[in-house]
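Here's the structure we're looking at; comments come further down.
The values are calculated or read from the model by the stated rules, or taken from the named source; none is laboratory data. In this text the structure is predicted, and so the values were computed from the model without any measurement. Cβ coordinates were reconstructed from backbone atoms using ideal geometry, including for glycine residues, and neighbour counts include every protein chain displayed.
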Amino acid sequence: MAVPAVEVRDAAKRFGAVRALDGVSLTVEQGEFFALLGPNGAGKTTLISALGGLVRPDSGSLRVMGRDVGADYRDARRQLGIVPQEVVFDPFFTVRETLELQAGYFGLRGSRPWIDELLERLALAGKAGANMRALSGGMKRRVMVAQALVHRPPVIVLDEPTAGVDVELRQTLWQFIRELNAAGHTIVLTTHYLEEAQALCSRIAMMKAGRVVALGSTERLLADFSERVLRVKLENGGLPPALADGATRDAAGWHRIPVENAAQVESALARLRESGARVSHLEVAEPELEEVFVRIMGRGDAPAGAAVR
Amino acid sequence: MRRMVTGGFPALLRKEVLRFWKVSFQTVAAPVLSAILFLVIFSHALARHVEAFPGVGYAQFLVPGLAMMSMLQNAFANASSSLIQSKITGNVVFILLAPLTPVDLFAAYLLAAIARAIVVGAGVILAVAWIVPLPFPNLLWLAAFAFAGAGILAALGIVAGIWAEKFDQLAAFQNFLVMPLTFLAGVFYSVDTLPPFWQAASHLNPFFYAIDGFRYAFFGQSDVPPWTSLAIASATLCALSWMTLRLLRSGYKLRH
C-alpha cells in the first residue's frame, strides 16, 4: 500500500498547563478528502502547525508522505501546502510578487505558468499587479490558498479556508479544491461549516481537548451517531401506540419518529392513517453531521482538566 | 512546466532586498540626509578646534566615521525591523512553512542588511564628496570593514528581531545598546584624544574597530593597526553569527 499522506502517532504538545495535543494518532491516506473537526481549542490548529513545523511536538511522530516533519523537515515541507487560519500578508508586495517569492522559497524557478493558472482559477488574475494591502479580506485569503499551492504539494491542508469568504467565492474555491483532489491531491480541511465537511469529505476526525474522539468515514459516523427522522404534526389526536415507541414530541407539537429507510416512512404513514390521525405537516430529515458533532462533543469522555487553547 | 529545484535562499535574499528598496526614500535617503546634517553641523562647530590626525581636516575625518555609523545603524534596523514586522503581522509563517534551513534564513537576513548598509554608506560618501574632498580609499580595506561592521550589526539585528515581541522592546535594544555603542565608537573624535579610562572603554567596543578600520581605508592612519581591527571585528562577527545560528536552529520564539 502507498505511504500515507499524513501519519500522526501519539503526538503530544503542552503549552504551559494546557495540553493542546494529548496523544493524537491518525492516518490520512493519499487521495482522501479528510475533515478535521472540533470546537475552538480542540487542537486542530496545533496539529496542523505541528505538521508544518510551526509547532514542535513534545513527543510522538508526524509524517507527511512518509517524511518526518522534524528529522526530514525540508522534504516534508515540500510535500505540504498549508493555508493558515489567520489572514496574513506582506504589505510590501503585489499579489504576483508574493506568489513568485513563495515559489522561490521552495527553490522553484519557472513557476510562472502555474502562478498564472492559480491566479486565474482563484479569480485573482485582475489583481495580479495590485498590492496586497489593496485587497479585500476574501481576496487575501485566496492569495493565501495560492501561496499554499504554489509548489504543487501532494498534501494540502486548509485551516478554515472559507471563514469570511462570500458564498459565490466559496463555491469557486471548493470546486477548485475538488478538482485538485480528483487530480490526486490529498486534502485535509478544518471548518466550522459542518455541511461543507459532510458534502466534501469522505472521512472525518473529530477532536476535543487535544484528543481524537471520533474517527471514521463520513457515512459510518452518520449511521452511528445520527438517524433519519420522520417528523409529523397532527391535526387531531396523538401517535398510535405502534409508533409511540422511540418517538418524541417537541414543544411546537412535532412528533419525531426514527426511521431507517423509505419503507419505514411508508408504513409509519399507513399506521397514522389507520389510527385516524390527520397529518397537517410532514418532513423527512436526513442524518446530519451537525447532530453527529453535537452528540460526540456532548459525550463526557474528554480528559478532565484539559483546557482550551 | 519547467521546474528546477534549488535552495530557497536566493528568493529570501531577493525579498529582503526588495523590502527596503521599495521604500528606499525612508530606508536609504533619510539616513543619508541625517549623516549630511551631522557633517554640516559638527564640521562647522568644531572645524577650528580639532585636527584628529596629522594632515587630515576635521570634516574629512568625520566623513568615514559618519558613513560607518550610518551603515551600522541601518544594518541593525534592516534585519531587526524586517523580522519583527513579519512576526507582528504574522506573515513570518510563509517563511517558516517553506523548506528554508537556519543557514538560509541567517544568510538572507544578514546579506540583505549588509546590502542596505552599503547602499547607505555609499550614499553618504557620494553625497558629501563634493563638499569635503576625500582621498580615494583603499577598496579592499573599505570592503572588508564595511562587511565586518555591517555584518556585526546585522547579526545583532537578527537576534533583536527574534527576541523582541513588541516594537518598544526593539526600540529599547536600539536606544540602549546600538546607539550608545555607535556614538561612543569614535565617530566624532579620535579616541587617542580621550582620557585614559574612556580610551580603554572604547577599546572594549567592537564598533570602534569597524569605524577605525574604515577610516584607515581612506587616510592610511588609525588609532589601532588595521589588521588588529579587522581581526577583532571579524572575530566578533563570527561569534555573533554562531550565536544567531544557534538561536535560529533552536526555533527560539519562532517555532513553538
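Observations
- A:VAL279 passes every criterion in (1) β-branched (Val, Ile, Thr); (2) within 28 Å of A:LEU194 (Cα to Cα); (3) over 38 Å from the mean Cα position of the chain (by Cα) apart from (2).
- Residues in the range A:162-204 that are closer than 11 Å to A:LEU37 by Cβ and either out of contact with any Asp or Glu (no Cβ under 9 Å at 6 or more places or on another chain) or assigned to a loop (DSSP other than H, G, I, E, B) (or both): A:THR191, A:HIS192, A:TYR193, A:GLU196, A:ALA197, A:CYS201, A:ILE204.
- Test result for B:PHE38, among the aromatic types (Phe, Trp, Tyr), touching a helix residue (DSSP H, G or I) at 6+ places or on another chain (Cβ under 7 Å) and crowded, with 24+ Cβ neighbours inside 10 Å: no
- Yes/no for A:PRO287 being on the phi < 0 side of the Ramachandran plot and surrounded by 15 or more Cβ atoms within 10 Å (Cβ to Cβ): yes
- Unmet criterion (only one of (1) buried (at least 16 other Cβ atoms within 10 Å of the Cβ); (2) under 22 Å from the mean Cα position of the chain (by Cα)) for A:ASP10: (1)
- Among the candidates A:ALA214, A:ALA148, the residue that is under 14 Å from the mean Cα position of the chain (by Cα) and either in the same structural domain as A:PHE89 (by TED's automatic domain parsing) or assigned to a strand (DSSP E or B) (or both) is uniquely A:ALA214.
- Number of the exception - B:SER241 against (1) within 24 Å of B:PHE42 (Cβ to Cβ); (2) surrounded by fewer than 20 Cβ atoms within 10 Å (Cβ to Cβ): (1)
- Close pairs from the range A:24-35: first farther than 9 Å from A:PRO4 by Cα, partner among the basic types (Lys, Arg), Cβ under 7 Å, at least 6 apart: A:VAL24/A:ARG211; A:SER25/A:ARG9; A:GLU32/A:ARG203; A:PHE34/A:ARG203
- Flag: A:ALA71 matches the condition of being assigned to a loop (DSSP other than H, G, I, E, B) and either within 12 Å of chain B (Cβ to nearest Cβ) or over 25 Å from the mean Cα position of the chain (by Cα) (or both).
- Complete set of residues in the range A:85-137 that are facing another protein chain (nearest Cβ under 7 Å), under 27 Å from the mean Cα position of the chain (by Cα) and without any contact (Cβ under 8 Å) to a residue 12 or more places away in the chain: A:GLU86
- Hits in the range A:1-35 - residues which are in contact with a strand residue (DSSP E or B) (Cβ under 9 Å, 6 or more places away or on another chain) and farther than 19 Å from A:GLN79 by Cα: A:ASP10, A:ALA11, A:ALA12, A:LYS13, A:ARG14, A:ARG19, A:ALA20, A:LEU21, A:ASP22, A:GLY23, A:VAL24, A:SER25
- Scan of the range A:43-68 for residues that are away from every other protein chain (no Cβ under 12 Å) and touching a helix residue (DSSP H, G or I) at 6+ places or on another chain (Cβ under 6 Å), ordered by number: A:LEU62
- Scanning the range B:73-110 for residues that are of a type in the set (Lys, Arg) and away from every other protein chain (no Cβ under 13 Å) yields a count of 0.
- All positions within the range B:72-93 that are out of contact with any Leu (no Cβ under 8 Å at 6 or more places or on another chain) and among the hydrophobic types (A, V, I, L, M, F, W, C): B:ALA77, B:LEU83, B:ILE88
- Search result, residues across the range A:74-84 that are buried (at least 19 other Cβ atoms within 10 Å of the Cβ) and more than 7 Å from chain B (Cβ to nearest Cβ): A:ALA76, A:GLN79, A:LEU80, A:GLY81, A:VAL83
- Test: residue in the range A:203-210 that is buried (at least 19 other Cβ atoms within 10 Å of the Cβ) and among the basic types (Lys, Arg): yes
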